[in-house]
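Colleague: This is the structure, below, for whatever I ask next.
Here, each number is a calculation from the coordinates, and none is a lab measurement. Note that this is a predicted model, so its numbers are computed, not measured. With ideal geometry, Cβ positions are generated from the backbone for all residues, glycine too; neighbour counts draw on all protein chains shown.
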Amino acid sequence: VIWPRLVFLFLEHSSAIVIVGASFKSSKIPPMTSEIIHIENLTYQYAHTDKPALIDINLSINKGEYLAIIGPCGAGKTSLALSLNGIVPHMTVGEMRGKVFVEGIDTTQSQVRDLARIVGMVFD
């Protein structure tokens with residue numbers, strides 16, 4: 001049985017990111033409830049831009065959940081993904097407020113090379 005979860009993250013006035021998640025539950029597999037990603041009040045604005053790419057994002061993702069992050073161009077999907085591996089804020093110019101934790105590690109207090117051991121991304 002799949003239990004979907006929808007989270008709408010509104011960015012700016014006309015765009016939004018939609019995160020579609022599914023937890024897979026089975027009587028043969030124990031439930032996985034440990035949190036692997038936790039985002040608290042994340043706001044990020046790139047330098048020399050008028051509006052933040054991310055505004056007050058709050059999100060919790062547990063082991064065993066599969067997520068699709070979808071939204072229009074410029075909604076903040078890539079910025080959100082880059083915040084998970086520390087590229088935002090360590091390798092971008094801008095201002096970040098809030099916290100991002102991956103497996104309990106605060107991404108603002110860790111180096112990108114260390115986070116790369118636990119966070120991988122492929123963009124197509």
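Colleague: Largest first and in whole Å, what are the equivalent-ellipsoid semi-axes of segment 82-124 based on the Cα gyration tensor, each being the root of 5 times an eigenvalue?
Modeller: Three semi-axes, in Å: 15, 13, 9.
Colleague: Using a Förster radius of 41 Å, what is the FRET efficiency between ASN41 and ALA68 based on their Cβ-Cβ separation? Nearest 0.05, please.
Modeller: About 0.95, to the nearest 0.05.
Colleague: Here is a further query. If the viscosity is 0.890 mPa s and the temperature 25 °C, what Stokes-Einstein diffusion coefficient in µm²/s follows for segment 46-108 when Rh is the Kirkwood radius over Cα pairs?
Modeller: 191 µm²/s
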